Each structure stands twice: as C-alpha cells, then as structure tokens.
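The values are calculated or read from the model by the stated rules, or taken from the named source; none is laboratory data. Just so it is clear, the structure is predicted and the values come from calculations on it, not from any experiment. Note: ideal-geometry Cβ built from the backbone for every residue, glycine included; neighbour counts use all protein chains shown. When the accessible area is computed, the model is the full protein with side chains, heavy atoms only, and any ligands, DNA or RNA have been set aside. Shrake-Rupley method; radii C 1.70, N 1.55, O 1.52, S 1.80 Å.
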Amino acid sequence: MNKNLPETNTSEEVDLGQLFTLIGSLFTKLFNFIGSIFTKLFYLFVALVFFIKKNILILISAGVIGLGFGIFKEKTKTPVYSSNAVIKQNYDTGESLFNLLNYYNDLIMDKDFQSLSEALNITIEEARNMVFFKMESVLNNNQKLKVYDEFKKEIDSTLADYIDFERFLDNSYDYDYEYQRLTVSSTQKNLLKKVLPEIIKNIESIEFFKNEQKKDLDELKYQEEVIMESLRESDSLQKVYHKVLEKMNENPNSQTSILIDNTGDKNSTKEYELFSDDIKLRRELVRIKREKDEINKIVEVISSQQDEGILTNSKELFKYNLGYKSFYSVLLLLLTFLVLIGLRFLNYLDRFKDKI
C-alpha cells in the first residue's frame with residue numbers, strides 16, 4: 001500500500017494543477033472581456049469627439065439659429081401667466097380631477113371655446129385666453145415615504161414585505177396623494193379666481209362623492225347622538241350617587257347606609273370611573289367634530305395665488321423648465337446632432353449594399 005501512495009499524490013497534484021489552470025483561464029477571459037468593453041467605450045468616446053469636431057461648425061450654427069429663434073419667440077409670443085392653488089382632497093377625487101383637467105385641455109386644443117366657457121362659467125373671450133391646466137403632487141420623496149409607511153401598516157405583512165418603496169411609487173399615481181397643486185395658465189392675469197371655484201364645484205357635483213360624503217356625515221352624526229345619550233345617562237347616574245352619598249352623611253345608621261356600606265369605598269371609585277368615561281366621551285365628541293369639519297368639503301383650497309398670475313416665459317424639455325432662448329437653442333442643437341448621426345449611420349450601411 002505504501003508503494004501506491006506516491007502515485008495517488010501525483011494524481012491529485014495533476015488534478016489540482018489542471019483546476020488552477022482552468023480557474024486562471026476563466027479569470028483571464030473575464031478580465032479580457034471587461035477590458036474589451038472599456039476599450040470599445042473608449043473608442044466610442046474618441047469617435048464621438050472626432051464626430052463633434054468634424055461637425056462643430058454645423059452644431060454651433062444650429063445652436064445660434066435656435067438662440068435667435070428663441071429671442072424672436074420671446075419678443076413676439078403673447079405673454080402667458082400662470083397661477084396656482086394648493087388643494088386638499090378629502091375624498092379620492094384625484095383621478096376624476098385629473099381627467100376633468102385633461103378634458104379642459106382637450107377643449108383648448110380643439111378650440112372648442114364655447115364648451116369651455118360653459119364648463120367653467122366664463123365668457124367665450126376669457127375661454128380663448130386659456131392656455132392649459134396642470135395638476136401635480138406637492139409632496140416630496142420624504143413625504144411620500146411617510147405615506148408609504150402608513151400604507152404598509154394597512155396591508156398584510158406578507159404583502160408589505162413584497163412591496164418596497166420603489167414598487168410603491170411605480171404603482172401609484174401623483175393624483176392619488178391628498179395634497180395637489182393646480183396650475184392654470186392663460187394670457188389673462190386674473191382668471192384663476194374665476195375658474196378655480198368652478199373646477200371644485202364640478203368635482204363636488206359628482207354624485208358618487210356626494211353620496212360618500214353624506215354616508216360619512218350620517219355615520220358621524222349617529223356616533224355623536226350615541227355619545228350624547230351616553231353622557232346624559234352618565235350625568236343621571238352621577239346625580240344618583242351624589243344623592244346616595246348625601247343620605248349616608250345625613251343618616252349614618254339608616255338602612256341605606258348599610259346597603260352602601262356593603263360596597264365600601266366603591267361609590268367614590270365608581271363616580272371617578274364615570275367622570276373618566278365622560279372625559280373620554282367628550283374627547284371623542286371633539287374628534288367627531290373635527291372629522292365633520294374636515295369632510296364638510298369634498299375638495300378644500302389650502303392656498304392660492306388668485307389676484308394675478310405670474311409671467312412664465314419657459315418651456316419644458318426633459319422635465320426641465322428652460323427659457324425660450326435656451327429651449328430652442330438646445331432643441332435645435334439636439335435635432336441637428338441626431339440628423340448628423342443618422343446620416344453617418346446611413347453612410348455606414350451603404351458599405352454593405354453590394355454584399356446584400
């Protein structure tokens with residue numbers, strides 16, 4: 001057996017050597033692959049630099065033309081004024097409000113100013129001055145995180161572990177949040193104070209929300225009546241205890257005192273308990289009153305700029321608000337760059353035309 005041991009060790013050393021060689025080969029291929037990616041990215045960057053260098057005059061010309069067009073638009077375009085109001089949705093009116101504003105925007109695009117004036121109870125001339133309506137949440141990510149925490153407490157724990165914050169944001173809409181900012185843009189400064197009450201009125205006139213509000217108010221009213229009845233009964237019972245205690249003090253040896261003595265000091269304890277219950281019930285009444293006040297309006301205006309709109313000479317590009325000069329300059333520059341890239345790509349494809 002001793003003669004076989006060296007042969008076994010030699011075989012194991014060969015197997016280990018092959019294993020290390022294989023691992024080394026895999027690492028070499030991995031590093032070469034990563035290196036090739038960086039090499040190709042570098043070549044792409046160099047090609048892009050040379051492409052821009054070759055077409056720099058065309059790109060600069062496009063930017064200058066866009067800048068000039070932006071200045072022209074800024075001088076000749078009718079000024080647009082934006083006013084906004086922050087509202088609180090006491091019911092789930094977000095989707096309905098969002099669709100309503102989109103309906104108004106569609107009327108503006110279709111130039112159906114007659115329908116718009118009827119919907120907003122304004123003159124046709126004022127309707128012609130409307131530019132667009134916008135609705136967006138006023139909550140930042142930290143505030144949305146608080147909403148997410150409240151959402152997790154209301155759902156099953158297993159489902160809560162499955163839904164992370166990013167998934168929650170992806171599956172929720174901005175109009176779902178309680179606080180929203182409504183923006184009204186027009187060529188007339190003071191239209192918000194006219195159209196905002198009409199927008200809220202149109203939402204509050206929806207039968208579904210009116211029924212939901214009525215059911216909630218009726219329920220709170222019933223709770224209030226039950227609590228008031230409990231307070232009246234508690235008050236009567238406390239008066240009985242007071243009378244019993246007065247009789248005990250007046251006639252210590254009476255039969256009444258014997259019956260009361262069987263309870264020891266529990267009369268005063270019971271009276272205290274009734275008093276504590278009264279405090280809790282009155283706190284509940286305050287809560288109900290507060291809740292009734294909160295749902296007294298389906299949509300509530302928190303703050304608004306109703307006097308005059310703010311002049312807005314900007315347009316949105318990739319979710320950034322840019323002035324007319326910057327907007328048209330960047331836009332024409334990007335379009336020119338894409339056209340040049342497209343022409344370069346078509347020239348590259350022409351090389352393979354004869355091979356097809």
Item to check | Virtual spin-label span in nm between residue 300 and residue 77, 7 Å along Cα→Cβ | outcome: 3.8 nm
Checklist entry - Quick one: with all protein chains in place, what share of the accessible area of region 65-222 is carbon or sulfur, to the nearest percent (1.4 Å probe)? => result 49 percent
Checklist outcome for this item: Surrounding charge for residue 221, neighbours by C-beta under 12 angstrom, Lys/Arg +1, Asp/Glu -1, total -2
Checklist entry - To the nearest 0.05, what FRET efficiency results for residue 41 and residue 350 with a Förster distance of 25 Å applied to their C-beta separation? => result 0.45
Next on the checklist: Sorting check: for 328-339, 45-56, which peptide has the highest mean count of neighbouring beta carbons within 10 Å, and how do the rest follow?
Outcome noted: 328-339, 45-56
Item to check | Net +/- balance of residues flanking residue 212 in space, Cβ distance below 12 Å, scoring K and R +1, D and E -1 | outcome: -3
Checklist entry - Given H placed on each backbone N at 1.01 Å, which residues far from residue 131 in sequence or on other chains put an amide H within less than 5 Å of it? => result 185, 186, 187
Checklist entry - What does the charge add up to near residue 293, with Lys and Arg as +1, Asp and Glu as -1, over the other residues with Cβ less than 14 Å from its Cβ? => result +2
Next on the checklist: Assuming 0.36 nm per residue, please report the length gained on full extension of the stretch residue 287 to residue 169 beyond their Cα-Cα distance.
Outcome noted: 39.3 nm
Checklist entry - When all protein chains stay in place, what accessible area (Å², nearest 10, 1.4 Å probe) is found for residue 146? => result 140 Å²
Checklist entry - Given the Cα-Cα distance of residue 231 and residue 110 and 0.36 nm per residue of separation, how much length would full extension add, in nm? => result 37.4 nm
Item to check | Peptide ranges 26-35, 121-130 listed from the most packed, as the mean C-beta count within 10 angstrom indicates | outcome: 121-130, 26-35
Next on the checklist: Using DSSP to call loops (not H, G, I, E or B), can you name the chymotrypsin sites (Phe, Trp or Tyr not before Pro) in region 119-214 whose Cβ has at most 15 other Cβ atoms within 10 angstrom?
Outcome noted: 173
Next on the checklist: Under 28 Å between alpha carbons, and skipping anything fewer than 8 positions from residue 243 in its own chain: which lysines qualify?
Outcome noted: 266, 270, 280
Checklist entry - Per residue, how much accessible area does region 30-145 have with a 1.4 Å probe, in Å²? => result 63 Å²
Checklist entry - Just in region 166-229: which GluC sites (Glu not before Pro) are loop by DSSP and have at most 16 other Cβ atoms within 10 Å? => result 178
Checklist outcome for this item: So residue 341 and residue 275, fully extended at 0.36 nm per residue minus their Cα-Cα distance, gain in nm 15.5 nm
Item to check | Cα-projected label distance for residue 224 with residue 28, points at 7 Å along beta-carbon direction, nm | outcome: 8.6 nm
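Cross-link list 73/111; 54/319; 215/297; 75/193; 134/215: which exceed 24 angstrom alpha carbon to alpha carbon?
Check vs 24 Å cut-off fails for 54/319; 75/193; 134/215.
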Checklist entry - What nm distance separates the two modelled labels at residue 88 and residue 124, each placed 7 Å from Cα along Cα→Cβ? => result 4.1 nm
